[in-house]
């Protein structure tokens, strides 16, 4: 992770077990994490403090708002906000949709912790400019 301030991540995952495991991984990587299991609650959290977060990590397939819809709403609130899509349920056909919508970072679960760290560093560095890929 970048030296200095810990990245503060808004992490959206509707599976509580996956969220717990991934949150532990993110904290091990040196991140501060705010986890949400509900898209609308994540939107409210972000809307209330958009500058509190350095990155959002979103599952693509969610009840209510998809991760892609949520990311677009985040960008309306804070243009250029970096988003990393971390998905296990969406098939790889989502990557071109994500890239076409102007979001470049998508990785697929399961992902070893070192690869997740690389994806986070790249998304933080590149913001909206990242290429859709699996590190």
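Only the coordinates and a few stated rules stand behind these numbers; no lab work does. Here the structure is a predicted model, which means the values were calculated and not measured.
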- Message: Give me the extension gain from residue 118 to residue 51: residue separation times 0.36 nm, minus the current Cα-Cα distance, reported in nm with one decimal.
- Response: 21.8 nm
- Task: Inverting the mean 1/r over all pairs of different Cα atoms, compute the Kirkwood radius of the chain and quote it in Å.
- Result: 14.4
- Can you tell me the relative contact order of the chain? Whole percent, Cα pairs under 8 Å, sequence separation 6 or more. 22
